[in-house]
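Reviewing the structure listed below.
The values are calculated or read from the model by the stated rules, or taken from the named source; none is laboratory data. Predicted, not measured: the structure shown is a model, and the values here were computed from it. Positions of Cβ are generated from backbone atoms using ideal geometry, with glycine treated the same way; all protein chains shown enter the neighbour counts. All accessible areas refer to the heavy atoms of the entire protein, side chains included, with ligands and DNA or RNA removed. Shrake-Rupley method; radii C 1.70, N 1.55, O 1.52, S 1.80 Å.
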Amino acid sequence: MASNITFTMIKPGAVRNGHIGAILNEINKGGFKIVAMKYTKLSAEKAGEFYAVHKERPFYGELVEFMSSGPIVAAVLQKDNAVEDFRTLIGATNPADAAEGTIRQLFATSIGENAVHGSDSDENAQIEANFHFAGTEMFS
Ligand code: CMP
């Protein structure tokens, strides 16, 4: 798959707070095509593996616990310049710093429970998409 994709998760807090539909609406309004999507739950082991790059950070344990605390929506999104444009759409990692109208400003409650994940590079978008989806589950 080409590098015009990004990977996202609607995190357990946003799911619990009933924001799946509203967040998907923002993603659609942002011009992204959903090429893969599933409603699923990460085990602590899988969440730890997904966020392994943060293993040494003080918030790693809390992050793994939160990300495995309930169901998520995982999705692969396609658009020109997908990684950068999606990061603009979701806003800063800390919702306190997120621009007006961004997904995190609208739906996140804290830096840890920040509503959505977005890939930070084309390379990681591919890795993260492949972590959650088989090739037969992506429809570009
Ligand atoms: P995400 O984009 O999914 O990538 C890593 C996550 O770590 C990030 O969103 C935040 O939810 C979380 N994170 C980053 N910094 C902190 C922090 N200082 N305290 C708690 N969680 C954090």
Study note, to complete from the structure: Here the qualifying pairs (Cβ atoms under 6 Å; residues six or more apart or on different chains; first in segment 55-67 and free of Cβ contacts under 8 Å to residues at least 24 places away in the same chain; second more than 7 Å from the ligand (Cβ to nearest atom) and not aliphatic (A, V, I, L, M)) come out as V64/G48
Check your understanding: Looking at this structure, is A22 more than 15 Å from the ligand (Cβ to nearest atom), small (G, A, S) and in contact (Cβ under 8 Å) with a residue 12 or more places away in the chain?
Key -> yes
Check your understanding: Based on what the data block shows, is G31 within 18 Å of E84 (Cβ to Cβ) and assigned to a loop (DSSP other than H, G, I, E, B)?
Key -> yes
Check your understanding: What helices (runs of 4 or more DSSP H) completely inside segment 34-140 contain at least 2 residues that are open to solvent by less than 80 Å² (accessible area, probe 1.4 Å) and among the polar types (S, T, N, Q)?
Key -> 122-132
Review point. Do we have any residue at all in segment 65-87 that's out of contact with any helix residue (DSSP H, G or I) (no Cβ under 7 Å at 6 or more places or on another chain), acidic (D, E) and closer than 16 Å to I127 by Cα?
Key: no
Point to revise | Subset of segment 95-119 that is closer than 21 Å to V76 by Cβ and within 11 Å of the ligand (Cβ to nearest atom) - its residue that is nearest to the chain's Cα centre (by Cα) | key: H117
